[in-house]
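Trainee: This is the structure I have questions about; it appears just below.
Please treat every number below as a calculation from the coordinates, not as lab data. Nothing here was measured: the structure is a model prediction, and the numbers come from that model. For neighbour counting, all protein chains shown are included, and Cβ atoms are generated from backbone atoms with ideal geometry for every residue, glycine included.
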Amino acid sequence: MKAISCRSVCKVFGEGKSRVVALDNVDLDVAEGEFITFVGASGCGKSTLLRILAGLEIHTSGTIEAEGEPVLGPNADRAMVFQDYSLYPWLTVIGNIKFPRQLAAHTRDCTSADVEAASGRADALLQVMGLSQAAQAYPSQLSGGMQQRVAIARALMTRPRILLMDEPFGALDAQTREVMHDLILHVSVLEGCTVIFVTHDVEEAIYLGSRVVLMAPRPGRIDSIYEVPLPGTRELKMKYQPEFLELRSRILERIRETSGMRTDLGLLQRLSQQPVTI
Amino acid sequence: MKSGSVWKIRGWLSQRHYWALAALGLAIPLAGWTLLTLTGSVNRVFLPGPIDVVQRIATWFSSDHLIDDILISSFRVVAGWLLSALVAMPLGLLIGNFRVMQALLEPLTDFVRYMPAVAFIPLVMLWVGIDEPAKVAIIFIGTFFQMVLMVAEDVRRVPMAQIEAAQTMGATRCEVIEKVIVPSAKPALLDTLRITMGWAWTYLVVAELVAANSGLGYAIIKAQRFLQTDKIFAGILLIGAIGLAMDQTFRLIHRVCFPYLHARN
């Protein structure tokens with residue numbers, strides 16, 4: 001069984017003059033347990049596709065199946081980690097992680113053994129994510145990197161089969177991001193869940209993904225899919241291997257080609273030579 | 001400009017300096033007022049001195065039922081404000097959450113809130129009568145329509161990511177409202193209650209125009225008839241002081257109820 005299966009998925013926003021085709025004929029299969037990353041120029045629909053997979057948007061046409069079931073709306077089987085502002089500031093770290101336990105979807109037909117197991121899972125997640133010291137802190141007291149650890153732990157609380165990540169490390173500094181990369185790779189293996197990861201950082205996409213999906217804008221579509229020629233277990237030094245660098249420049253070049261926003265060096269030259277008169 | 005300048009935009013000021021300046025800001029007008037009346041350059045009828053006003057408050061307290069006036073006025077303000085909060089909170093929640101309710105009610109509310117509350121007095125007397133409910137109704141009209149829009153805005157400002165995170169964790173629509181939107185908006189809602197309480201007080205004098213025979217606003221109106229400017233001053237200052245006390249109480253509640261907003265490492 002495939003974790004995700006998309007067939008001719010289209011998404012149209014607006015109507016009449018403001019009609020925009022955000023996704024055009026997307027076909028994609030994601031294998032169970034795969035870590036797949038999405039890159040592309042802005043407006044290519046990578047975030048839209050992720051939101052559709054989460055059930056937060058409904059596609060206009062085509063079919064999407066997750067774990068063999070059609071996607072009709074949000075479901076705890078497909079957890080999502082957002083870039084920012086998704087934690088609940090009035091709850092402590094442990095309160096945020098246990099938030100799903102407040103929802104009927106996870107407490108219905110629940111025995112006391114289940115409650116105990118859930119409590120154990122929350123503690124285990126705290127430990128895995130390196131948050132044990134911060135359990136009683138409020139999100140506002142944590143750094144951006146720590147906040148994203150809480151967001152990931154909370155998403156994993158319900159043991160989702162699929163983890164959807166929308167530029168989760170986009171707001172973090174480079175050093176913190178490297179630590180988070182190894183952490184998320186480790187956790188995804190530990191949990192055995194499928195990860196669909198959207199980013200604008202090509203290096204991040206190659207380092208994390210077993211495949212990199214490149215999307216192109218106007219209309220949003222899948223342009224090409226790259227197999228990453230690196231072993232399953234990633235290490236920091238792989239970023240300097242020729243295969244890594246070669247794939248990186250190929251993908252970057254392709255993004256530039258599809259974005260339609262080339263830097264016109266000739267024009268810049270001419271502009272810099274013109275006397276400035278205002 | 002030096003970086004340590006006190007005029008740095010959004011700069012820092014020590015607590016000690018802050019309160020010293022706050023005291024100065026209050027002392028200067030008071031000193032100017034005292035000086036102006038002591039030199040006798042202004043007629044006492046136009047501008048009574050601070051001592052006259054304090055004396056007036058004392059006699060008002062000892063022989064003119066000041067406490068009763070304060071209590072009845074506070075009751076009217078709080079009743080009108082509470083009533084409007086009870087209706088505005090659920091309505092604002094609906095408008096802020098559902099586009100259908102927003103389309104149905106927001107333009108209407110925007111239209112009504114520009115209507116002057118004072119002009120409703122004759123209608124209120126006709127519909128509600130001239131007893132206590134009439135005064136409460138005027139304060140209700142003055143605060144309700146603004147409050148609905150502010151509550152709706154507070155609700156709309158809850159970050160979408162907080163809502164969507166709950167949805168992807170399997171929360172139902174009711175759970176999203178109950179467990180995310182309401183707790184997330186609570187601090188802003190308390191601020192809205194604090195601000196609208198201030199507005200409710202400003203409608204007091206208007207409300208007590210309606211066949212009142214007690215209250216701070218009524219006392220001000222009556223003093224106007226007898227040209228008792230010192231009593232007008234006293235009434236205005238008392239309303240200001242009560243308002244300030246209530247405002248500070250709200251701020252205290254805010255600090256107690258929302259420790260996460262005031263916690264820093």
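Trainee: In chain B, if the dipole is taken from +1 on Lys/Arg beta carbons and -1 on Asp/Glu beta carbons about the Cα centre, which of B:Gln15, B:Val210, B:Phe250 is farthest to the positive end?
Mentor: Of the options given, the answer is B:Gln15.
Trainee: Shifting gears a bit: Run the simple label-point estimate for B:Phe226 and A:Glu116 please: 7 Å along Cα→C-beta, distance reported in nm.
Mentor: Using points 7 Å along Cα→Cβ, the separation is 7.8 nm.
Trainee: If you don't mind, another one. Which residue, chosen from B:Leu108, B:Pro29, B:Phe61, occupies the Cα position most advanced towards the positive end of the dipole of chain B, where the dipole is computed from +1 (Lys, Arg) and -1 (Asp, Glu) charges on Cβ about the Cα centre?
Mentor: It is B:Pro29.
Trainee: Got a sec? Charge dipole of chain A, +1 on Cβ for Lys and Arg, -1 for Asp and Glu; which of A:Cys193, A:Thr92, A:Ala153 is way out at the positive end?
Mentor: A:Thr92
Trainee: Between A:Arg218 and B:Ser214, how high is the FRET efficiency from 1/(1 + (r/R0)^6) when r is the Cβ-Cβ distance and R₀ = 41 Å? Nearest 0.05.
Mentor: 0.05
Trainee: So, one more: Could you work out, residue by residue across B:176-185, how many beta carbons of other chains sit within 10 Å of that residue's beta carbon, and then give the average as an integer?
Mentor: 2
Trainee: Just order A:237-249, B:181-193, A:32-44, A:152-164 by mean Cβ neighbour count inside 10 Å, highest at the front, would you?
Mentor: A:152-164, A:32-44, B:181-193, A:237-249
Trainee: Additional query: Can you work out the Karplus-derived ³J(HN,Hα) for every residue in the range A:101-106? Use 6.51 cos²θ - 1.76 cosθ + 1.60 with θ = phi - 60°, whole Hz, and x for glycine or proline.
Mentor: In residue order, the calculated couplings are 5, 7, 8, 4, 4, 10 Hz.
Trainee: Please determine, in degrees from 0 to 90 and to the nearest 10, the orientation of helix A:242-259 with respect to the longest principal axis defined by the Cα atoms of chain A, where the helix direction is its Cα long axis.
Mentor: Compared with the principal axis, the helix lies near 70 degrees.
Trainee: If you don't mind, there's one more thing I want to ask. Can you give me the Cα centroid spacing of the range A:156-216 and the range A:1-40 in angstrom?
Mentor: 18
Trainee: Within 10 Å of each Cβ in A:72-84, how many Cβ atoms from other chains are there, averaged over the peptide? Can you show the working numbers first?
Mentor: Working: counts 0, 1, 8, 4, 5, 2, 2, 4, 6, 2, 7, 1, 2.
Whole-number average of other-chain Cβ neighbours for A:72-84 is 3.
Trainee: Checking the cross-link filter: which lysines have an alpha carbon closer than 26 Å to that of B:Lys231, excluding same-chain neighbours under 8 positions apart?
Mentor: Once the sequence-local lysines are set aside, what remains near B:Lys231 is B:Lys135, B:Lys222.
Trainee: Which chymotrypsin sites (Phe, Trp or Tyr not before Pro) in the range B:29-115 sit in a loop by DSSP (not H, G, I, E or B) and have at most 16 other Cβ atoms within 10 Å of their own Cβ?
Mentor: B:Phe46, B:Phe98, B:Tyr114
Trainee: Additional query: Can you give me the C-alpha center-to-center distance between the range B:197-265 and the range B:50-123, rounded to a whole angstrom?
Mentor: 11
Trainee: Taking amide H positions as placed 1.01 Å from N in the peptide plane, with prolines and chain starts having none, which residues 5 or more places from A:Leu23, or on another chain, fall under 5 Å of its amide H?
Mentor: Residues meeting the amide H criterion: A:Lys11, A:Gly220.
Trainee: Treating only the Cβ atoms of Lys and Arg (+1) and Asp and Glu (-1) as charged, compute the dipole magnitude of the range B:159-248 about its Cα centre; round to the nearest 20 debye.
Mentor: Dipole about the Cα centre, nearest 20: 260 debye.
Trainee: Only loop residues by DSSP count here, and only those with at most 14 other Cβ atoms within 10 Å; note down the trypsin sites (Lys or Arg not before Pro) in the range A:54-127 that meet that.
Mentor: A:Arg108
Trainee: Given +1 on the Cβ of Lys and Arg, -1 on the Cβ of Asp and Glu, and no further charges, what dipole in debye does the range B:1-153 carry about its Cα centre, rounded to the nearest 20?
Mentor: 820
Trainee: Here is a follow-up. Quick one: Karplus J couplings for the range A:39-46, per residue in order, coefficients 6.51, -1.76, 1.60, θ = phi - 60°, nearest Hz, x for Gly and Pro?
Mentor: Couplings: 10, x, 5, 5, x, 7, x, 5 Hz.
Trainee: Let me ask another. ³J(HN,Hα) across the range B:147-157 via Karplus (A = 6.51, B = -1.76, C = 1.60, θ = phi - 60°), whole Hz, x for Gly/Pro?
Mentor: For the range B:147-157, the Karplus curve yields 5, 4, 5, 5, 4, 4, 5, 4, 5, 5, 7 Hz.
Trainee: With a cut-off of 12 Å, note down the residues of the range A:165-204 whose backbone N falls inside the zone around a label point 7 Å from the Cα of A:Tyr240 toward its beta carbon.
Mentor: No residues fall inside that zone.
Trainee: Starting from the amide H of A:Ser224, placed 1.01 Å from N in the peptide plane, find each other amide H under 5 Å away whose residue is 5 or more places distant or on another chain.
Mentor: Counting only residues 5 or more places away or on other chains, the set is A:Leu214.
Trainee: May I ask you to list the residues of the range B:208-247 whose amide nitrogen lies under 12 Å from a point 7 Å from Cα along the Cα→beta-carbon direction of B:Val54?
Mentor: none
Trainee: Let me ask you something else. If amide hydrogens are placed 1.01 Å from N in the peptide plane, which non-local residues have theirs closer than 5 Å to the one on B:Gly215?
Mentor: Excluding prolines and chain starts, which carry no amide H, the hits are B:Asp69.
Trainee: Relative to the longest principal Cα axis of chain B, at what angle does helix B:182-202 sit, 0 to 90 degrees, rounded to 10?
Mentor: In chain B, helix B:182-202 runs at an angle near 20 degrees to the longest axis.
Trainee: Quick one: go through the range B:178-205 and flag any residue whose amide nitrogen is under 19 Å from the point 7 Å out along the Cα-to-Cβ line of B:Leu261.
Mentor: Zone members listed by number: B:178-199.
Trainee: Helix-derived [θ] at 222 nm for the protein assembly as shown: sum -39500 (n - 2.57) over DSSP H runs of at least 4, divide by residue count, nearest 500?
Mentor: Mean residue ellipticity at 222 nm (helix-derived): -17500 deg cm²/dmol.
Trainee: With r defined as the distance between the Cβ atoms of B:Tyr18 and A:Ser210 and R0 fixed at 60 Å, what FRET efficiency is calculated, to the nearest 0.05?
Mentor: 0.55
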